[in-house]
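Novice: Following this message is one structure expressed as C-alpha cells.
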Amino acid sequence: MKNASITGSANGIGKAIVDLLLLNDYNVLQFDIEHDISKPENRQYIIEQSKDCDVFINNAWAGNSDDSQLQMYYDIIDEWHDDKDKHILNMGSLMKYKTHVDADTEDALYSNTYRITKKELHKQTILKHLDLSILCKMTILQPGFTETDFTTEFGEGIVMMKPAQVARQVLNAIESDVHIIESSFKIR
C-alpha cells in the first residue's frame with residue numbers, strides 16, 4: 001500500500017484526489033488551510049509528517065502569499081531530491097482572478113493570477129537545484145479550467161472539467177513508470 005500526502009485537500013481538486021486515492025487503497029495524509037503553507041514552520045511540519053510517504057502532491061496555494069506554492073516546492077524537493085523512491089507532483093493551474101471594470105464600456109476585464117506554472121517549475125528546478133542530483137520522480141500537471149469554488153464566478157458558457165477528471169489524471173501520473181512527467185489537459 002502506498003502512502004500519499006496532499007496539501008489543499010479539503011475541497012475541489014484536492015478533495016477529489018483524496019477520494020480517488022482512498023478508493024485505490026492509498027493511505028492519505030491531508031493538509032489544508034489550517035496548515036497555511038505561506039508560513040515556513042507549517043511547510044516544515046508538513047514535510048516532517050510526510051517523511052514516510054511515497055508521494056507528495058503540492059496542490060495548495062495561500063492567497064496571502066503569491067509564492068507559497070513555490071516555497072512548498074522548494075522545501076519538499078530539498079528534502080526528497082535524492083530519494084529515487086519518492087514522487088513529487090506539482091499542480092499548476094488557474095487559481096484566482098481579479099475583476100476590473102472598463103469605465104467606458106462597463107465590460108468586466110479579467111486579470112488572471114496563476115499558481116505555480118510548468119514553465120516556472122522548470123525554471124526554478126534548473127536555477128535553484130542545478131547542483132543537486134534530482135533522483136525523485138517529478139510530475140508537473142496543469143489542468144485546464146476545473147469546476148471548483150475558485151471558478152464559480154466565471155459564469156455560463158465555459159466548459160469546465162470536473163475535479164474527479166483531474167484526480168484521474170493525477171492517479172495515472174502517480175502509477176506511471178515514467179520518471180519525469182509534464183502534462184496539460186482539458187476537456188476538448
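The values are calculated or read from the model by the stated rules, or taken from the named source; none is laboratory data. Just so it is clear, the structure is predicted and the values come from calculations on it, not from any experiment. No Cβ is skipped: glycine too gets one built from the backbone with ideal geometry, and neighbour counts run over all protein chains shown.
Novice: Give the residues of region 173-188 that are modelled with pLDDT of 85 or more and surrounded by 14 or more Cβ atoms within 10 Å (Cβ to Cβ), sorted by residue number.
Specialist: Those that are modelled with pLDDT of 85 or more and surrounded by 14 or more Cβ atoms within 10 Å (Cβ to Cβ): Ala173, Ile174.
Novice: Can you find, within region 72-115, the residue that is nearest to Gly12 (Cα to Cα) among those that are touching a helix residue (DSSP H, G or I) at 6+ places or on another chain (Cβ under 8 Å) and at pLDDT 90 or above?
Specialist: Ranking the qualifying residues of region 72-115, first place goes to Leu89.
Novice: Follow-up. Val166 is checked against (1) modelled with pLDDT of 75 or more; (2) closer than 25 Å to Leu22 by Cβ; (3) out of contact with any Pro (no Cβ under 6 Å at 6 or more places or on another chain) and fails just one. What number does that condition carry?
Specialist: Single failed check for Val166: (3).
Novice: Let me spell it out: the conditions are (1) crowded, with 21+ Cβ neighbours inside 10 Å; (2) at pLDDT 95 or above; (3) part of a loop (DSSP other than H, G, I, E, B), and Ile37 meets all of them except one. Which number is the exception?
Specialist: Failing condition for Ile37: (2).
Novice: Tell me which residues, restricted to region 1-25, are in a loop (DSSP other than H, G, I, E, B) and in contact with an Asp or Glu (Cβ under 9 Å, 6 or more places away or on another chain).
Specialist: Of everything in region 1-25, those that are in a loop (DSSP other than H, G, I, E, B) and in contact with an Asp or Glu (Cβ under 9 Å, 6 or more places away or on another chain) turn out to be Met1, Lys2, Gly8, Ser9, Ala10, Asn11, Asn24.
Novice: It is to be established whether one or more residues within region 147-155 are at pLDDT 80 or above, part of a helix (DSSP H, G or I) and more than 24 Å from Ile76 (Cα to Cα).
Specialist: No.
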